[in-house]
Amino acid sequence: MINERVLKELIDVKRERSDAVRLKSKMYSFLGLSLSLLICYFAINWKTYDRIGLVDLGTLDAEFEDLMEIPISEQPPPPPPKEIITPQITEVPDEEVVEDIEFDLDVEMVEEESVLDHNIDFTEEPEEKVEEIFIIVEQYPEPVGGMEAFYTFIGENIKYPVQARRLNVQGMVFLQFVVEKDGSLTDIKVVKGIGAGCDEEAVRVLSNVPKWKPGKQRGRFVRVKLTIPIRFVLEK
């Protein structure tokens, strides 16, 4: 039988050889990879140039005309500046003009020529007081018969403008007006319109509306400003 010691030495020698072979294989792999990368790098960055032959342009035969010498033109000198004559101001002595003026002081005073005393009143006229227009009141004005009767009147009396009908204009016209103390509607104006004659038609109809019930503030009739919409819709 082989001694255990000799067997162990053989195993160690074989292991060392296998480790050496493994190390060499890694080294050769690394060298091969590095060489491959180097070859690829040079292959990518290698520049080639096309060979171009020299072209004979020959000799250029050109005749050049002799340059003409152009004489320098003589320019006349500029005219001398005009002499500015400054006006001389001389002082003239004041001359006293004496005129003989005769005054006739012997005038008789007649009653008809006497000055009459006029009573002039310098008191200022009182300024006209402008009635205040309310926007928020305790009791708002309303049409006689309510808003339903008001819009019924609008619908029966309004006429759709021909231009708006032709252009198919529809929408709402907002009107602003003042309800006076007697219920009449004044200061009617368009706040937002749609044009094509609808704004003017809305103002016309609202001007013919019967009087409203006026608004009240603290138990008395006051002027109130309101805004209402009037809708224009074409029937399909």
Subset of segment 173-194 (residues that are free of Cβ contacts under 8 Å to residues at least 12 places away in the same chain and touching a helix residue (DSSP H, G or I) at 6+ places or on another chain (Cβ under 6 Å)): none
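Here is a yes/no grid of residues against (1) basic (Lys, Arg); (2) surrounded by 15 or more Cβ atoms within 10 Å (Cβ to Cβ); (3) touching a Ser or Thr at 6+ places or on another chain (Cβ under 8 Å):
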| position | (1), (2), (3) |
| --- | --- |
| Glu142 | no, yes, no |
| Gly145 | no, no, no |
| Glu148 | no, no, no |
| Asn157 | no, no, no |
| Val162 | no, no, no |
| Gln170 | no, yes, no |
| Glu180 | no, yes, yes |
| Leu185 | no, yes, yes |
Flag for Arg204 being of a type in the set (D, E, K, R), more than 35 Å from the chain's Cα centre (by Cα) and surrounded by 12 or more Cβ atoms within 10 Å (Cβ to Cβ): yes
Qualifying residue in segment 69-84 (condition: among the aliphatic types (A, V, I, L, M) and modelled with pLDDT of 65 or more): no
Qualifying residue in segment 207-220 (condition: in contact with a strand residue (DSSP E or B) (Cβ under 7 Å, 6 or more places away or on another chain), part of a loop (DSSP other than H, G, I, E, B) and closer than 25 Å to Ile136 by Cβ): yes
Near pairs, Cβ below 6 angstrom, 6+ apart or cross-chain, from segment 159-172 (more than 9 Å from Cys198 (Cβ to Cβ)) to any residue that is surrounded by 12 or more Cβ atoms within 10 Å (Cβ to Cβ) and charged (D, E, K, R): Met172/Arg231
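The values are calculated or read from the model by the stated rules, or taken from the named source; none is laboratory data. The model shown is predicted, which means the values in this text are computed figures rather than measured ones. Note that each Cβ is placed from the backbone with ideal geometry, even for glycine, and that neighbours are counted across all protein chains shown.
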